[in-house]
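Asks: Just dropping this structure here.
Derivation of every value follows stated rules applied to the coordinates shown; laboratory data play no part. Predicted model only: the values in this text are computed from it and were never measured. Note that each Cβ is placed from the backbone with ideal geometry, even for glycine, and that neighbours are counted across all protein chains shown.
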Amino acid sequence: MQDYGNRTFDEIDIGASASASRTLTATDVEALALAAGDVEGLHIEGYDPGERLTAQGAAAIAMIAGLLNRRLPGPGTRILLSRIHYSGIINIGDTLTATVTAKAKHKRDHAIEFDCRCVNQAGEVLVDGSLMVGAPTERIQYSNVATPELILRRNDGFAPLFARCKALAPVTCAVVHPCDKASLLGPIEAARMGLIVPVLVGPESKIRSVAKEEGLDLSPYQIVGVEHSHAAAEKAVELARLGHVEALMKGSLHTDELMGAIVPSATGLRTSRRISHVFVIDVPTYPRLLMVTDAAVNIYPDLEVKADICQNAIELAQILGVEVPKVAILSAAETVNPKIPGSIDAAALCKMAERGQIVGGVLDGPLGFDNAISAEAARTKHIVSPVAGQADILLVPDLEAGNMVAKQLQYLAGADAAGIVLGTRVPIVLTSRADNVRARLASTAVLKLVAHARRGKTLPPQH
């Protein structure tokens, strides 16, 4: 946090000066290139004085503008006229120093002309010239201003899923109790994208009331009217058991209420495989989709349950296009410690995979989170592993740990998280009110791919 204040026209003397230095990073260049619409490789690599203004040149002028707008004169400044010349080559890793110096004042317009210069670490002049600004006439002060940290999304992990879905017919999906704006708009948008054919299950009057408020036409969609949310959960499960729908999507009811209808052996959707949840997460700084399991259903899974959770996630990864998923079994330590039960389970799961009790993936653990996703961290700790630094799946020790990992990635790393329930006779999406549109649609795309993969396949026997 920083405090910023300005200096008014009357307070600035000829010769007043301000400077700032910054080492140019790839993120700086890419952000400026995106803002300018200049994303050709030539202009990302370096600045050629014979070419047009590039992202690197923009970095230098942005530093100068930043000095004028934040330091001298500061807040309230307006840039009126620019006479700037560019020379030399600016490369990623160069340390740029920008300086502005007041050289003339014009009282009539409260205008000040500044000499402007930017040099690199070798003292070579990269940008020089002058800028005329309209200086503030009143004091302005800002306190505790946070400087944002920019994270660029270098990949779109969900894009291939949407692309694959285009070639597939939409899946009939029961939307359970869609009685608020988010839970009704989501499936309607998914229907427009050709992901699902929604069957709206819930109190018809409430569903139509929400649709009227939002200006939605429900005539293309089937509505199965029931009295309340509990009945909606039971009816949706019944439709799935009878084969009338191939998937379920949670609406505006509690997750426990929906799962309460799914879990019973006689009337629900259980199979011999343990029910589990997988977050499919697109992290801007990670080069592939990252799956976290289980962070929503099994609170304290034992070894047998973890084996099912792992198998569910491996099969999902294969459906999503990862031929041999790499599974990192997370713990607080990289070595087996009898005082840390999760580390013992991790070692046992790896042995189970060796003996064919878990198939289709490559397992390693116990691994810390850092070693699972960072090859550099693994090398530093001398960990030799086929999984470390390139995990597709993070198998967490319990629900609390998984929930924290998933939400930290979302709220600290800018990730989007889709999610799906597996181990049931049909795939189930548990939407959250906090999900953005992209995450909701990605969850539906995952649901569609899973439903199509199951067509014609023999499901595990009902539990």
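Asks: Using helices alone, I'd like the mean residue ellipticity at 222 nm for the chain: each DSSP H run of four-plus residues gives -39500 (n - 2.57), total over residue count, nearest 500.
Replies: Helix-only estimate at 222 nm: -10500 deg cm²/dmol.
Asks: Something else about it: Once the Cβ-Cβ distance between Ile299 and Glu213 is put in as r, and R0 is 45 Å, what FRET efficiency do you end up with, to the nearest 0.05?
Replies: After rounding to 0.05, the efficiency reads 0.75.
Asks: Turning to a different aspect of this structure: May I ask you to sort Phe158, Phe114 by Cβ crowding, counting other Cβ atoms within 10 Å and putting the fewest first?
Replies: Arranged by neighbour count, lowest to highest, Phe158, Phe114 become Phe158, Phe114.
Asks: Would you mind classifying the range 384-463 by shape? Square roots of the alpha carbon gyration tensor eigenvalues, ordered a ≥ b ≥ c; an a/c under 1.5 is rounded, otherwise it is prolate if a/b is larger than b/c and oblate if not.
Replies: It comes out oblate by the Cα gyration axes.
Asks: If you fit an axis through the alpha-carbon atoms of helix 303-319 and take the longest principal axis of the Cα set of the chain, what angle between them do you get, 0 to 90°, nearest 10?
Replies: 70 degrees
Asks: Can you list residues from other chains, or at least 5 along the same chain, whose modelled amide H is less than 5 Å from the amide H of Ala296?
Replies: Residues meeting the amide H criterion: His277.
Asks: To the nearest 10 degrees, how steep is helix 55-70 against the longest Cα principal axis of the chain, on a 0 to 90 scale?
Replies: 70 degrees
Asks: Additional query: Suppose each label sits 7 Å from its Cα in the direction of the beta carbon; what would the His85-Gln121 distance come out to in nanometres?
Replies: Label at His85, label at Gln121, 2.7 nm between them.
Asks: A further question follows. Go through Lys181/Lys407; Lys181/Lys206; Lys206/Lys235; Lys181/Lys250 and tell me which ones have a Cα-Cα distance over 21 Å in this structure.
Replies: Lys181/Lys407
Asks: Can you give the FRET efficiency to the nearest 0.05 for Thr8 and Asn403, using r as the Cβ-Cβ distance and R₀ = 45 Å?
Replies: For Thr8 and Asn403, the calculated efficiency is 0.30.
Asks: Report for the chain the percent antiparallel among DSSP-assigned beta bridges with both residues inside it, nearest 5.
Replies: Rounded to the nearest five, the antiparallel share is 65 percent.
Asks: Give me a comma-separated list of calculated 3J(HN,Hα) values for the range 288-298, in order, Karplus coefficients 6.51, -1.76, 1.60 applied at θ = phi - 60°, integers in Hz, x for any Gly or Pro.
Replies: Karplus values, whole Hz, x for Gly and Pro: 8, 4, 10, 9, 10, 8, 9, 10, 9, 10, 8.
Asks: List every residue whose amide H lies under 5 Å from the amide H of Leu96, counting only residues 5 or more places away in sequence or on a different chain, with H placed 1.01 Å from N in the peptide plane.
Replies: Amide H neighbours of Leu96: Arg22, Thr23, Leu24.
Asks: So how do Val201, Val450 line up by other beta-carbon neighbours within 10 Å, fewest first?
Replies: Taking fewest neighbouring Cβ atoms as first place, the list is Val450, Val201.
Asks: Before anything else, pin down the relative contact order of the range 86-126: Cα pairs under 8 Å, at least 6 apart, normalised by residue count, whole percent.
Replies: For the range 86-126, the relative contact order is 45 percent.
Asks: What full-extension length gain, to one decimal in nm, is calculated for Gln141 and Arg355 as 0.36 nm per residue of separation minus the Cα-Cα distance?
Replies: Full-extension gain reported as 70.3 nm.
Asks: Just subtract the alpha-carbon distance of Val384 and Ile340 from 0.36 nm times their residue separation and send over the number in nm, one decimal.
Replies: 13.7 nm
Asks: Compute the length gained on full extension between Ala434 and Glu238: take 0.36 nm times their separation in residues and subtract their Cα-Cα distance, giving the result in nm to one decimal.
Replies: Computed gain between Ala434 and Glu238 is 67.7 nm.
Asks: Listing Tyr142, Tyr411 from the residue with the fewest other Cβ atoms within 10 Å to the one with the most, what is the order?
Replies: In increasing order of surrounding Cβ atoms, one gets Tyr411, Tyr142.
Asks: Which angle from 0 to 90°, rounded to the nearest 10, does the C-alpha axis of helix 437-454 make with the longest principal axis of the chain?
Replies: Taking the Cα atoms of the chain, the angle to 437-454 is about 40 degrees.
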